[in-house]
Amino acid sequence: MQNSQSSSKRFLDIIGELQSLISEQKIEYGDRLPSERHLAEKLQVSRTAVREALRSMELLGLIETRRGEGTFLSDFKKHQLVEVLSTFIMQQARSIQDVVETRMIHERAAITTITENEELRMLPVWIGMQSKLRDRESVFWREDMVRETIVATENRLSLKIWFLLKQYSGVSFDVAIEADEEIAIVHELLDDMMAGNTEKALICYEKWMNQVEGERRETE
């Protein structure tokens, strides 16, 4: 079985097991969920895996985290995206590639929105990213670059959908940008975004994603 499919299905398994646990323990809307540690022990998975699943559920509005209080259950009946995506991925032979392409549509749209908006091009976050790329002591993750690009557009729905698509596509975003070639590509992408050059920014993005997706395909 392909690694990306295994990763995606494991993520779906954890979501499903969390839902079953909530049902078994009769946790009602507004009730507090067990701690990450308890959930990890109960589901026999790592706390990191539980945290990632909870994060996706929170982005979808399935749960709510209150600082200093814990995590609370929201109304599952209002949110069906997890079920739609899981059914699609399990049943479609070409589903992983379709998810990858759909994820990239959101990423291209975010880049285009930023390059065509002077106010967004001038956000200090881009200069901060360039500084991190120059500082070899800093750790700059691939996900940080893409996520912050979508966050900058202030499209919360796109961010929620992107986060799930990222999970299911098995893309290697949890990797630090360290290689000289990749640093140069991302630097150029940021330069083109800040300069408002949409065409060049998108070409640079495609070059970067070809490299990232190539790594994913090598593991299949």
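Can we say residue 174 is farther than 17 Å from residue 101 by Cα and either aliphatic (A, V, I, L, M) or open to solvent by 50 Å² or more (accessible area, probe 1.4 Å) (or both)?
yes
Out of the range 119-157, which residues are acidic (Asp, Glu) and either over 19 Å from residue 179 (Cα atoms) or touching a Ser or Thr at 6+ places or on another chain (Cβ under 9 Å) (or both)?
119, 148, 154
Of (1) within 18 Å of residue 73 (Cα to Cα); (2) modelled with pLDDT of 80 or more, residue 45 satisfies all except one. Which?
(1)
From 166, 200, 160, 132, grab the single residue that is touching an Asp or Glu at 6+ places or on another chain (Cβ under 8 Å) and under 29 Å from residue 54 (Cβ atoms).
Step by step, each of 166, 200, 160, 132 is checked, and only 166 is touching an Asp or Glu at 6+ places or on another chain (Cβ under 8 Å) and under 29 Å from residue 54 (Cβ atoms).
Yes or no: residue 18 part of a helix (DSSP H, G or I) and modelled with pLDDT of 75 or more?
It is true that residue 18 is part of a helix (DSSP H, G or I) and modelled with pLDDT of 75 or more.
Restrict the check to the range 66-87 and report whether at least one residue is at pLDDT 85 or above and among the β-branched types (Val, Ile, Thr).
Within the range 66-87, one or more residues are at pLDDT 85 or above and among the β-branched types (Val, Ile, Thr).
Filter the range 198-216 down to the residues that are open to solvent by less than 20 Å² (accessible area, probe 1.4 Å) and modelled with pLDDT of 90 or more and list them by number.
201, 204, 205, 208, 209, listed by residue number.
Would you mind stating whether residue 149 is over 19 Å from the mean Cα position of the chain (by Cα), open to solvent by less than 50 Å² (accessible area, probe 1.4 Å) and among the hydroxyl-bearing types (Ser, Thr, Tyr)?
no
The values are calculated or read from the model by the stated rules, or taken from the named source; none is laboratory data. On a predicted model such as this, the values are computed, not experimentally measured, just so you know. Every residue, glycine among them, receives a Cβ derived from its backbone with ideal geometry; neighbour counts consider all protein chains shown. All accessible areas refer to the heavy atoms of the entire protein, side chains included, with ligands and DNA or RNA removed. Shrake-Rupley method; radii C 1.70, N 1.55, O 1.52, S 1.80 Å.
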